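Chemist: One structure, pasted below without further comment.
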Amino acid sequence: MKVSVVSPVYMAERVLSLLVHRIQDSMETVAEDYEIILVEDGSPDNSWSIVEGIASANKEVVGIKLSRNFGQHYAITAGLQQARGDWIIVMDCDLQDQPEEIPVLFKKAMEGYDIVLARRKARKDNFLKKQFSICFYRLLSFFTDTKQDRSVANFGVYHKKVIRAVLDMGDIIRVFPIMVQWVGYKKTTVDVNHAKREAGKSSYTFQKLFRLAVNIFLTFSNKPLILTVRFGLFISLVSFLVGIFYLVKYLTGSIVVLGYTSLILSIWFLAGIIIFSIGILGLYVGKVFDTTKKRPFFIIDKIVK
């Protein structure tokens, strides 16, 4: 039985050696035949040089360099395509996902599960990131009509058939945890300890997180369109009732001069709704346009074994 460990690498030059060392120690109790795939995602620091050095010195380590920064989930996809294991472990490189939890997750998988997800008991993130995460996952659950757990991310153990199904998905927006949930299979969770970052800070700025959230909502749900239609119907119903109200007042002689203010406010309000609705439709058309380009999800520059 072969096991693959896939980790996307970005701004991690100070922790890579420790990451590989701790993974190797943890794998001693899991499998003799294993590989560690480090996918360098166009990091501006010295991460690739360190990955090259580690891969040259360790036969278990495979280094993959992408041609530019494509994003965390695209880097994960690149690593999954190269993985040859019967079981695949996905984890972040910042050591907040602790390698010492791998044997615990793997033991649970041996009980007959295809997916074992690490559930972080206490997230070691700052206050703003925690609050954004709470709002994001509530909205994601609402828009996708699924139950999303914000304490679960990429870290987990996955059978190769699960990974094969994820890779077969042609979605241009790649979000690994959501895709794993969509493919199904027998899954469970295990509580794990979530550590503080060993070095540096998260590369996810508010702007990047917001863009990711919008892409997820547009790619994995058509609910914004449905809500727009419902809101349009609601506005139409209200307008119809208001129209009847003023018609009755006009016929009874209660209205002598029509209100200028109400007319202007109505025009601006309805114009805003129309522009907003067209904007949502345009975003979906834009995603369709991106899909028709059929560009690769990522480009691999180098592979070092």
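Chemist: Within segment 21-55, how many residues turn out to be under 27 Å from residue 70 (Cα atoms), aliphatic (A, V, I, L, M) and out of contact with any Asp or Glu (no Cβ under 8 Å at 6 or more places or on another chain)?
Modeler: Number of matching residues: 6.
Chemist: Starting from residues that are crowded, with 18+ Cβ neighbours inside 10 Å and at pLDDT below 85, keep the ones in segment 165-175 and report whichever is nearest to the chain's Cα centre (by Cα).
Modeler: Residue satisfying both the conditions and the ranking: 175.
Chemist: Would you please name the residue that is least open to solvent (accessible area, probe 1.4 Å), looking only at residues in segment 1-29 that are among the charged types (D, E, K, R) and under 20 Å from residue 72 (Cα atoms)?
Modeler: Filtering first and then ranking leaves 13.
Chemist: Okay, next question. Name the single residue that is nearest to residue 158 (Cα to Cα) among those in segment 40-57 being polar (S, T, N, Q) and surrounded by fewer than 16 Cβ atoms within 10 Å (Cβ to Cβ).
Modeler: So the residue we want is 56.
Yes/no matrix, rows are residues, columns are (1) free of Cβ contacts under 8 Å to residues at least 12 places away in the same chain; (2) open to solvent by 20 Å² or more (accessible area, probe 1.4 Å); (3) on the phi > 0 side of the Ramachandran plot; (4) touching a helix residue (DSSP H, G or I) at 6+ places or on another chain (Cβ under 8 Å):
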{"position": "38", "(1), (2), (3), (4)": "no, no, no, yes"}
{"position": "67", "(1), (2), (3), (4)": "no, yes, no, no"}
{"position": "81", "(1), (2), (3), (4)": "no, yes, no, yes"}
{"position": "87", "(1), (2), (3), (4)": "no, yes, no, yes"}
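Chemist: Now for a separate question. Is it the case that residue 125 is modelled with pLDDT under 90 and either buried (at least 19 other Cβ atoms within 10 Å of the Cβ) or under 22 Å from residue 21 (Cα atoms) (or both)?
Modeler: no
Chemist: Looking at segment 149-185 only, could you name the residues that are in a loop (DSSP other than H, G, I, E, B), free of Cβ contacts under 8 Å to residues at least 40 places away in the same chain and hydrophobic (A, V, I, L, M, F, W, C)?
Modeler: 169
Chemist: Identify the single condition in (1) part of a loop (DSSP other than H, G, I, E, B); (2) out of contact with any Lys or Arg (no Cβ under 9 Å at 6 or more places or on another chain) that residue 59 does not satisfy, given that it satisfies every other one.
Modeler: (2)
The values are calculated or read from the model by the stated rules, or taken from the named source; none is laboratory data. Nothing here was measured: the structure is a model prediction, and the numbers come from that model. Every residue, glycine as well, gets a Cβ built from its backbone with ideal geometry; the counts of neighbours run over all protein chains shown. Accessible surface is based on the protein model in full, side chains and every heavy atom, while ligands, DNA and RNA are left aside. Shrake-Rupley method; radii C 1.70, N 1.55, O 1.52, S 1.80 Å.
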